[in-house]
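The values are calculated or read from the model by the stated rules, or taken from the named source; none is laboratory data. For clarity, every value in this text was computed on a predicted model and none was experimentally measured. Glycine gets a Cβ as well: all are built from the backbone with ideal geometry, and neighbour counts include every protein chain shown. Side chains included, ligands, DNA and RNA excluded: accessible areas come from the protein's heavy atoms. Shrake-Rupley method; radii C 1.70, N 1.55, O 1.52, S 1.80 Å.
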Amino acid sequence: MSENRNEEFRVTVLPGDGIGPEVVETGVRVLEEVAQRFSVALCLDYDDIGWAAVKRYGVPLADETLDRVRKSDAVLLGAVGGAEAESKDFALRPEAGLLALRKGMDLYANLRPVRILAPLLDASPLKPEIVKDTDLLVVRELVGGIYFGEPRGRERTEQGEERALNTMVYTVSQIERVARMAFSLAMERRKRVVSVDKANVLDVSLLWREVVTRIHPEFPEVELGHLYVDNCAMQLIRAPEQFDVIVTGNLFGDILSDEAAVLAGSIGMLPSASLGTQGSLYEPVHGSAPDIAGQDKANPLATILSVAMMFRYAFGLKEAGALIEQAVLAALEQGFRTSDLRAEGARFVGTKAMGDCVLDQIGRIRPDGP
Ligand code: IPM
Ligand code: MG
């Protein structure tokens, strides 16, 4: 398990805004500890994104930051956005930095796993018997669709009325690559993919469905189904256990993954990995939560679990990822909770202390398994 590696991994850390810096600080402690345990050499580089970057560089993602992340093996990101920035025009909004980063790194597949950990069965607003077997993975296309389609913007009609438009557009190759990613990920799981679209209304969805269906025979062991997005939204909270891998476009994936988050008890539990052709990025699914920023209240587990995904996908160290996941579970089993996780008789702790609990559990897990 702790074989020697000579390789050095470069990780760019982008703490971002709001609670981003606090959760990232905790995530980095876990990253460093587990890297050491697995004899992985790390080189960490810090930079800014979002509102923090607007303040430092005048733009939410500077060119030099993009150069830096492209040269790194992985990026760990906190969150972007915040009350301060609300009134800015779109190009200067913190979110524009995140979109530019996704596009600049060509991060076409966003993986959002949703699993209910047994100690959190009561934390979901849904009944425990509904959520108890949830273990799904949303694969969201991240650099296409209506988020990036042209034309977009505001204009005046000939009659002088103002209108605004965005375009939902996908090319065949964009759909092919994310479909292949979803099918290959399903091969490592329960081998079921549901593709989600709105093919009863949208041309772009018709093409989506056609292309996913055409790629499917490359993965004969995987079972493929299709759902309309409205039905999928209902099925997710009616019977979530039916899902293994869900593959869908950018906008539908954004909405469905937030919905799926309630299954895991709190959005503060959900990690993500974004994989592409120019490196990969790991970030918690939650936002910058400006209302609790700087108060040591935020749940760092989504970031810690994102670090687990980094070990798995960026460094090819599945066992290190599994170790972190096991430690998170153990900390929850000990009763430790941040304030977003409702629980009677819980031992409520802050961000840093939750990080300590996980590190403590990592120290207790023997190198040769439980
Ligand atoms: C997400 C977020 C982003 C998105 C925002 C912050 C631009 O909601 O990562 O899901 O819409 O993709
Ligand atoms: Mg979202």
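Figure legend. Inter-residue proximity from segment 250-268: first residues over 24 Å from LYS297 (Cβ atoms), second residues open to solvent by 50 Å² or more (accessible area, probe 1.4 Å) and near ligand 1 (Cβ under 10 Å from one of its atoms), beta-carbon distance below 7 Å, spacing 6+ or different chains. Indicated pairs: ASN250/TYR147; LEU251/TYR147. Being in contact with a His (Cβ under 7 Å, 6 or more places away or on another chain) and within 16 Å of ligand 2 (Cβ to nearest atom) holds for only one residue in ALA96, ALA109, ALA79, and it is ALA79. Within segment 203-226, the set of residues being assigned to a strand (DSSP E or B) and surrounded by fewer than 19 Cβ atoms within 10 Å (Cβ to Cβ) comprises GLU223, GLY225, HIS226. Against the definition (more than 30 Å from GLU7 (Cα to Cα), of a type outside the set (A, V, I, L, M) and within 16 Å of ligand 1 (Cβ to nearest atom)), how does GLY276 come out, yes or no? Criteria not met by GLY276. If you go through segment 123-160 and pick out every residue that is within 28 Å of THR338 (Cα to Cα) and more than 23 Å from the chain's Cα centre (by Cα), you end up with 4.
To keep it simple, each residue is scored yes or no on (1) in contact (Cβ under 8 Å) with a residue 12 or more places away in the chain; (2) open to solvent by 50 Å² or more (accessible area, probe 1.4 Å); (3) touching a Cys at 6+ places or on another chain (Cβ under 6 Å).
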residue	(1), (2), (3)
ARG115	yes, yes, no
LEU120	yes, no, no
LYS132	yes, yes, no
LEU136	yes, no, no
SER173	no, yes, no
ARG189	yes, yes, no
ALA199	yes, no, no
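Could you look through segment 242-299, keep only residues that are charged (D, E, K, R) and either open to solvent by less than 20 Å² (accessible area, probe 1.4 Å) or under 15 Å from PRO21 (Cα atoms) (or both), and pick out the one that is nearest to ligand 2 (Cβ to nearest atom)? Once the filter is applied, the top-ranked residue is GLU283. Within segment 85-113, the only residue that satisfies the criterion of being open to solvent by less than 20 Å² (accessible area, probe 1.4 Å) and without any contact (Cβ under 8 Å) to a residue 40 or more places away in the chain is ALA96.
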